[in-house]
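The values are calculated or read from the model by the stated rules, or taken from the named source; none is laboratory data. Keep in mind that this is a model prediction, so the values were computed, not measured. Cβ sites come from the backbone with ideal geometry, for glycine too, and all protein chains shown count toward neighbours. Please note that ligands, DNA and RNA were not included when accessible areas were found on the heavy atoms of the full protein model with its side chains. Shrake-Rupley method; radii C 1.70, N 1.55, O 1.52, S 1.80 Å.
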Amino acid sequence: MVKVGVLALQGAVREHIRSVEQCGAEGIAIKKVEQLKEVDGLILPGGESTAMRRLIDKYGFMEALKEFAAEGKPMFGTCAGLILLAKNLVGHEPHIGVMDITVERNSFGRQVDSFEADLAIKDVAESFPAVFIRAPHIVEAGAEVEILSKHNDRIVAAREGQFLGCSFHPELTDQHDITAYFVEMVKEAKAKQFA
Amino acid sequence: MKTGTDRVKRGMAEMQKGGVIMDVINAEQAKIAEEAGAVAVMALERVPSDIRAAGGVARMADPRIIEEVLNAVSIPVMAKARIGHIVEARVLEAMGVDYIDESEVLTPADEEYHLYKSDFTVPFVCGCRDLGEAARRIGEGASMLRTKGEPGTGNIVEAVRHMRKVNGQVRKVVGMNEDELMTEAKLLGAPFELLLEIKRLGRLPVVNFAAGGVATPADAALMMQLGADGVFVGSGIFKSENPALFAKAIVEATTHYQDYKLIAELSKNLGTPMKGIEISSLSPENRMQERGW
């Protein structure tokens, strides 16, 4: 069974772990840097990206997260997690900066504009209940980035090799297709590592 | 595409989990809070301890202050409306506030009815002292709960009482048989369907934060250990000697609430916390937690 970590500094950690378990993998809440060595893939959950960044810096996670990416291990960012993964942010310095996308924060407006919508996500689901909360979106994607879903012409889900990111919160729904897709990415990466 | 659904409103609070929400009265304080790693700020005219000291009627903050805070930070901004004050709540919603606290810290506008929060697109947080109160607020449409504690006292005892009470009652409901729940609903004054849902989920259907008396990093960690999903700090930060340091320490203690060596480290040299008030020295009419029904 593959082990999938969920960065547990702040945000919707429990929901992601439950979703990972539903997909037949082991879910581990990552609170300490050394725990990253135990896992084959990592989910960066929804939450407040600025608050997460403070804690990432405080506990020396930044280098370890970049190393994790450099080792080719899969990473999946949802909402705030997508912001953490992006190489470029509109109006801000990037955080981990590993996925070749430009992301704009809070780009759908404030909380009163938060919404849910059914999305078709390529290779994942024909209809997925996507919950957008003060959500970011992908303004621009690099040549190697595969666009998986759009909402009103805005890119809201994408994959670049080992990296998967979405604007919405799959962890707030009971439909686990996108987590299952990520768990498959983790299995493939692990199989390759031992091939 | 749907806005203002339960999932969107409750989900917003889920994203705040494990975090600290700080009371601020201007842009400068809001920036200090954001810099310290707060997951949201509560924009107020006065922090609870000053409301207590000032006396008189406490109302929604001047919209200018709220606007100033909305423009100063990129994290969510909450604001307080008086219990039952439909128009204050609508005004805050129209201003684009991200969450409204229907709060006993302000003087109630209605001594019988709370807001029908399901009618709003903006989500609400409400205070509770027990499961009956929690369930009534959820029934009215609250998307997030917090303990009432005793605001502006810097004394954690009431928040502890309320968190233990709610969680103990949730455990009891989860352990009961379905045929016992109607009588329990009657005894608690709670909607029956909500008790069924709590039993099915094994927990409350919305997050429950600690509030009302958190003054130190150890207080915040204590509340997390008792099962709080996160922490509101009112007067505790900006009434302490060194707010920036205090704010950071409380954020870290909330994240790592079981790392006692760390809490010891970050509690060093913080300066003086806010001066506290012994609850028994407050006459019943001065206890904010008694407001709300």
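Convex hull volume of the C-alpha atoms in chain B, normalised per residue: 126 Å³. Among B:SER281, B:ALA13, A:ALA125, flag the residue with its Cα farthest along the positive direction of the charge dipole of the protein assembly as shown, charges on Cβ as +1 for Lys/Arg and -1 for Asp/Glu. Checked the options; the winner is B:SER281. The stretch A:45-97 and the stretch B:212-246 have Cα centres spaced 26 Å apart. When +1 charges are put on Lys and Arg Cβ atoms and -1 charges on Asp and Glu Cβ atoms, the dipole computed for the stretch A:34-180 relative to its Cα centre reaches about 460 debye. Applied to the stretch A:104-114, the Karplus parametrisation 6.51 cos²θ - 1.76 cosθ + 1.60 on θ = phi - 60° returns per-residue 3J(HN,Hα) values of 10, 6, 6, 7, 9, x, 8, 4, 4, 8, 4 Hz, with x for Gly and Pro. Taking the Cα centre of the stretch B:155-222 as origin and assigning +1 to Lys and Arg Cβ atoms and -1 to Asp and Glu Cβ atoms, the resulting dipole is close to 180 debye.
The residue list A:GLY142, A:ALA80, A:VAL112 was ranked by how far each Cα lies along the charge dipole of the stretch A:62-195 toward its positive end, using unit charges on Cβ atoms, and A:ALA80 comes out on top. Mean projected area of the Cα convex hull of the stretch B:19-90, taken over all directions, amounts to 5.1 nm².
For the residues of B:1-10, the average number of beta carbons from a partner chain within 10 Å of their own beta carbon is 6.
Computing Rg and the Kirkwood Rh from the Cα coordinates of the stretch B:202-248 gives a ratio, Rg/Rh, of 1.04. Normalised per residue, the accessible area of the stretch B:199-250 is 29 Å², obtained with a 1.4 Å probe and no contribution from ligands, DNA or RNA. Between the amide H of B:ASP101 and those of B:ALA79, B:LYS80, B:ALA81, B:VAL125, distances stay under 5 Å, these residues lying 5 or more places away or on another chain, with hydrogens modeled in the peptide plane.
The listed residues A:GLU171, A:GLU26 rank as A:GLU26, A:GLU171 when sorted by accessible area, largest first, using a 1.4 Å probe. Which shape class, rounded, prolate or oblate, goes with chain A when its Cα gyration tensor gives a ≥ b ≥ c as root eigenvalues, a/c under 1.5 marks rounded, and past that a/b bigger than b/c marks prolate? Rounded is the answer for chain A, as its axis ratio a/c remains below 1.5. Taken over the stretch B:86-243, the alpha-carbon convex hull comes to 116 cubic angstrom per residue. An ellipsoid equivalent to the protein assembly as shown, defined through the eigenvalues of its Cα gyration tensor, has semi-axes of 36, 24, 22 Å when rounded to whole angstrom and sorted largest first.
In a simple Cβ point-charge model (Lys, Arg +1; Asp, Glu -1; nothing else charged), the protein assembly as shown has a dipole of about 840 debye relative to its Cα centre.
Probing with 1.4 Å while keeping every protein chain in the model, the per residue accessible area of the stretch B:1-40 equals 32 Å². If you average the C-alpha positions of the stretch B:88-156 and of the stretch A:111-176 separately, how far apart do those two centres end up, in angstrom? Taking the Cα centre of the stretch A:111-176 as reference, the centre of the stretch B:88-156 is 32 Å away. I'd like the interface area for chains A and B: accessible area of each alone minus the complex, both sides summed, 1.4 Å probe, protein heavy atoms only. What is it in Å² to the nearest 100? Separately minus together, A and B give about 3200 Å² buried.
The region of chain B that goes longest without hitting one of the GluC sites (Glu not before Pro) in a DSSP loop, each with at most 15 other Cβ atoms within 10 Å, is B:113-240. Comparing B:LYS261, B:LYS239, B:LYS17 in a Gaussian network model of chain B where C-alpha atoms under 10 Å apart are linked, the largest mean-square fluctuation is found at B:LYS261. If both residues of a DSSP beta bridge must be in the protein assembly as shown, then about 35% of such bridges are antiparallel. Solvent-accessible area assigned to carbon and sulfur over the protein assembly as shown amounts to 48 percent, based on a 1.4 Å probe.
Loop-resident chymotrypsin sites (Phe, Trp or Tyr not before Pro) (DSSP state other than H, G, I, E or B) in the stretch B:221-292 with no more than 10 further Cβ atoms inside 10 Å of their Cβ are absent.
Its Cα gyration tensor gives the stretch B:20-148 an equivalent ellipsoid. The semi-axes, each the square root of 5 times an eigenvalue, are 22, 16, 14 Å from largest down.
Counting only protein heavy atoms and a 1.4 Å probe, the stretch A:90-195 has 43 square angstrom of accessible area per residue.
Among A:HIS176, A:HIS92, A:HIS16, which one shows the highest mean-square fluctuation when chain A is modelled as a Gaussian network with alpha-carbon springs under 10 Å? Largest GNM mean-square fluctuation: A:HIS92. With the alpha-carbon atoms of the stretch B:98-155 aligned to their principal axes, the span from lowest to highest coordinate is 34, 25, 22 Å, starting with the largest.
GNM on chain B, alpha-carbon springs under 10 angstrom: the most fluctuating residue among B:THR107, B:THR255, B:THR183 is B:THR183.
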